[in-house]
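The values are calculated or read from the model by the stated rules, or taken from the named source; none is laboratory data. None of these values were measured; they are calculated from a predicted model. All Cβ positions, even for glycine, are placed from backbone atoms using ideal geometry, and neighbour counts span all protein chains on display. Quick note on the areas: whole protein, heavy atoms, side chains included, nothing else; ligands and nucleic acids left out. Shrake-Rupley method; radii C 1.70, N 1.55, O 1.52, S 1.80 Å.
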Amino acid sequence: MNWVTIIWAMIASACLTLALVHVLVWWHRPEARANLLFALMATATAVFAGCELWMMRAETPIAFGTAVRWGHVPIWVLFVSLVGFVRLYLRAGRSWLAWTACGLRTLSLILDFVFNPNLNYREITALRDVSFLGERVVVADGIPNSWMLIGQLSLLLLVIFVADAAISVWQRGDRRQALSVGGSIVFFVVAGTVQTMLIFWGIIHTPITASVFFMAIVAAMGYELSQDVFRAARLSDDLRDSEERMNLAAEAANLGMWVWDVVRDEVWMTEKGRALLGFAQNTRLDASALISRVHPEDREARAGAIKHAIETQGEYSTEYRVLLPDGRLRWIGARGHCIHVGDPKGIRLLGVSIDVTAQKQAEAQTRQHREEIAHLSRVAIMGEMAGSLAHELNQPLTAIVNNASAGRRFIAKGRADLPKLDSLFEAVVSDGRRGGEIIRGIRGMMRKGEEVRRPVNLNDVIGGVLGFVRSDALERHCALVAEPDPELPLVEADLVQIQQVLLNLVVNAFEAMREMPPATRRVIIRSERESHALVRVSVRDFGTGLPVEERRIFDRFFSTKREGMGMGLAIARSIIVAHSGELAAANAPDGGACVHFLLPVIAEGNGG
Amino acid sequence: MEDEENRGSQRESSSAMKELEPRIFVVDDDQSVRTSLANLFATEDYAVEIFASADEYLARLPPPGPSCLVLDVQLPGLDGLALQRQLTEEGKVEQIVFITGHGDIPMGIRAMKRGAVDFLPKPFRDDELLSAVALALARSAENLRQRGEVVESRARLAKLTPREFEVFRLIIAGLLNKEIGAELEVSLRTIKTHRGRVMQKIGVVSVAELVRLAQKAGVAPASHGTK
């Protein structure tokens, strides 16, 4: 053993070790092709180091020539992988330069095997001993082959290519990378090329030590790659930390987290999330398993929300009931969004779920209370109006009795002709229907039941209320004017409750004009479109106006009526607020008050 | 039975006023009630006019013959009771049958005190309404007849000279000729002449007839001294 052998063997083994490490990296992450190219470069460097040793220990000129010839193979590999590495890793460099350089290099490899003994020599005339690192090694004397200019041209192109790539990386802002990868490649390729050129052209007589320069390049690039590994490790630490923090937060907030790989139909879910839906820890979850837990009535709405999120690649937000295996019912609120990962088909939906049962129960209880109070107040107001409602019902009854009596009298007198009787019967039928409608309306208002929201035309509500208050208005000597907007869009509402609100406002308007002279008593009910999203219904009176600041009239137990309980407006407001609307009052500039409510229009195309 | 009698009387009065047929006015704001009332009255061949409000009714032509007003209490604008009051204030005598869907006893009493014929809560029996209407028409006819007699008797009295009218008032006061002469300080003969003219001009033969005419014409007997 001597120093040369030790150093070159070390270069080779260091390069091979690095190559092995990066091959393994590539093996586990096939997308890490830069690591594969790096491994190829390191291996080629190791092989070339072997070739150099072979040259230094050559016994004959022929053996030396063979060693030089075979040395071109690892050089080609190294060359091509270096170009590939720059393109892949630095994501820079002009491709025409890359292709030209690789083409020339390939040409020179072919020529290397065409010429004898190789690309660099026409003939090796003699070997001579020189002293190198205190050792005796051989170098060759010979006639240089001018074709080796092609190889050297390819190296020049390589340097230009790398320098150009490094400049664009520098301009991109990755200055350290430009220097360590680009700079080291340029420097050591130039150094290695200059040395071999001097040797092959017979200007200096030293052994070829290009592998040392190549190893420097490998080391620089290896360092760069290892930085990536460190970065990845740091990121994964950070990720683990933040994941832990998130888990803690999620646990504390009772959040279940989940990811659904839509294409592969796999669901990952945290322990909490599984517990929420009643799944065991280790069962495999997919979409159909989740759906099986959802209450059948809520499945369609949930599927719609998922479809919407995937189609718009946007937010997912829904609430649904879950039937647990033990038969209990649980309300789940889920929020998330749809993302694309990797290839365009990799759609994932990720988000959180939370148990909203308690909230839902509270909401239901609130609604029930509101419904009960609203019902009581409805019954009360209908009770107050019982007299005028009876009158309203009396009219068709009177007409029926009169017409039927008329018919009987015609018959008794023998003057009953069929057309006359038919017209009497027709009137009886239509008045009977009218009476039935009045009763249906009253029954609707007295009915105690869950609210039913459906598309409602507020003009119909106005029509219904006019039917209730017409007689009342007559008795109070109050003119009643309806100004409905015929183009009014629909709102989503409980008809009876909105009718109740309007009834309340109209009766209040009557009350406000109790002290006014009959000729000035007038109530105007008007419907109109407030904006593209809101409809307004207003009740205007010509009474004394609001006696206090507007706010107080909505307070419970505050009443300006002598025998009022003060519940009416408070209930009206709570009904309107529950319909996502707004109830407000103001004094009109020319006397009297105007109370109005706004309700949201049903969004177009949101019918499902 | 009462019904039969009423109908009888109605026929009687209509025959008495042959040339002027009775007419019923209906005022109700509810269209189906209005037309049903018209149907009911058609069974008795009454002439009917219907109105939706008091104002419409007031704009009608006044009827020449007997008439009656079937009036709803609850009306937009001027209501039934207010219309009754207004008619009374303007001195227009109208026989009114009130109908109401929402009436109470005080309201009924008030209406009756002001001279309403009847006050019927809706819905009512056909014969109730028809007999009330028949009564109202009978009263209206009677009024007309009375008003006609007054006109006629006053026309007869208008033929007298002031002196003769003075003698007329003393005769119906029950004074004898000589007492009248003493009262007027003229001879008995002169009084006899006046008396003969009065009887001749008025066209009666007895003092009793003179008294009846005076009553119809609304002429009070003369107050006289006790000489």
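For a paramagnetic label modelled on A:ALA390 (point 7 Å from Cα along Cα→Cβ), amide N atoms under 19 Å away belong, within the stretch B:79-123, to B:99-110, B:119-123. Compared with its chain on its own, the stretch B:18-57 contains the following residues whose accessible area drops by 10 Å² or more in the full protein assembly (probe 1.4 Å; ligands, DNA and RNA excluded): B:ASP29, B:ASP30, B:SER32, B:VAL33, B:SER36, B:ASN39, B:LEU40, B:ALA42, B:THR43, B:GLU44, B:ASP45.
Using C-alpha pairs under 8 Å with a sequence gap of at least 6, the mean separation divided by the residue count of chain B gives a relative contact order of 16 percent. Membrane-span-like helices in chain B, defined here as complete DSSP H runs extending at least 24 Å along the helix axis by their C-alpha atoms with mean Kyte-Doolittle hydropathy no lower than -1.0, are B:126-157; this is a sequence and geometry rule, not a statement about a membrane.
Between A:ALA287 and A:VAL452, full extension at 0.36 nm per residue minus the direct alpha carbon distance yields a gain of 56.2 nm. Accessible area per residue (1.4 Å probe, heavy atoms of protein chains only) ranks A:MET221, B:MET107 as B:MET107, A:MET221, with the largest value leading. For the stretch A:196-298, the list of trypsin sites (Lys or Arg not before Pro) that fall in a loop by DSSP and count at most 12 other C-beta atoms within 10 angstrom reads A:ARG264, A:ARG284.
Counting charges near A:LEU277 (Lys, Arg +1; Asp, Glu -1) among other residues having Cβ under 9 Å from its Cβ returns a value of +3.
Comparing the full protein assembly with the isolated chain, the residues of the stretch B:103-137 losing at least 30 square angstrom of accessible surface (1.4 Å probe) are B:LYS122, B:PRO123, B:PHE124, B:ASP126. The stretch A:210-251 and the stretch A:344-411 have Cα centres lying 68 Å from one another.
Accessible surface buried at the A:B interface totals approximately 2100 Å², computed with a 1.4 Å probe on protein heavy atoms. Rounded to whole numbers, the Karplus 3J(HN,Hα) couplings from phi for the stretch A:415-421 are 10, 8, 9, 4, x, 5, 4 Hz, using 6.51 cos²θ - 1.76 cosθ + 1.60 with θ = phi - 60°, and x at Gly and Pro. The contact residues of the stretch A:462-489, meaning those that lose at least 10 Å² of 1.4 Å-probe accessible area when all protein chains sit together rather than their chain alone, are A:LEU474, A:GLU475, A:HIS477. For A:ARG453, nonlocal amide neighbours, meaning residues 5 or more places apart or on other chains whose placed amide H falls under 5 Å from its own, do not occur. Residues A:THR312, A:THR193 ordered from highest to lowest accessible area at a 1.4 Å probe: A:THR312, A:THR193. Scanning residues 5 or more positions from B:VAL26 or on other chains, those with amide H under 5 Å from its amide H are B:GLU49, B:ILE50, B:PHE51, B:VAL70, with H placed 1.01 Å from N in the peptide plane.
Could you compute the net charge surrounding A:ASN120? Neighbours are other residues with a C-beta less than 10 Å from the C-beta of A:ASN120; K and R count +1, D and E count -1.
Neighbourhood net charge equals +1.
Between A:LEU480 and A:VAL523, the built amide H atoms are under 5 Å apart, and every one of these is 5 or more places off in sequence or on another chain.
The phi-based Karplus calculation (6.51 cos²θ - 1.76 cosθ + 1.60; θ = phi - 60°) puts the 3J(HN,Hα) values of the stretch A:353-367 at 10, 9, 7, 10, 4, 4, 4, 5, 5, 4, 4, 4, 5, 4, 5 Hz, whole numbers, x for Gly and Pro. Estimated from helices alone, the mean residue ellipticity of chain B at 222 nm is -18000 deg cm²/dmol (sum of -39500 (n - 2.57) over DSSP H runs with n ≥ 4, per residue). Phi angles of the stretch A:195-202 translate, via the Karplus equation with coefficients 6.51, -1.76, 1.60 and θ = phi - 60°, into HN-Hα couplings of 4, 5, 4, 4, 5, 5, 7, x Hz per residue; Gly and Pro are given as x.
With 0.36 nm allotted per residue and the present C-alpha distance subtracted, the A:ARG33-A:TRP268 stretch has 81.6 nm of extension available. Axis of helix A:61-85 versus longest Cα principal axis of chain A: the two differ by about 10°, to the nearest ten degrees. Extension gain for A:ILE204-A:ASP422 works out to 65.1 nm (0.36 nm per residue, less the C-alpha to C-alpha distance).
Think of a 1.4 Å ball rolled over the protein heavy atoms: chain A then has 51 Å² of accessible area per residue.
Charge tally for A:ILE199 (other residues, Cβ to Cβ under 12 Å; Lys, Arg +1; Asp, Glu -1): -2. To the nearest 10, the accessible area of A:HIS369 is 100 Å² with a 1.4 Å probe. The separation of the stretch A:130-160 from the stretch A:462-483, counted between C-alpha centres, amounts to 112 Å. Rolling a 1.4 Å probe over the protein heavy atoms of chain A, with every protein chain left in place, gives an accessible area that is 60 percent carbon and sulfur. Once you reduce the stretch A:297-312 and the stretch B:69-125 to the center of their Cα atoms, the two points are 67 Å from each other.
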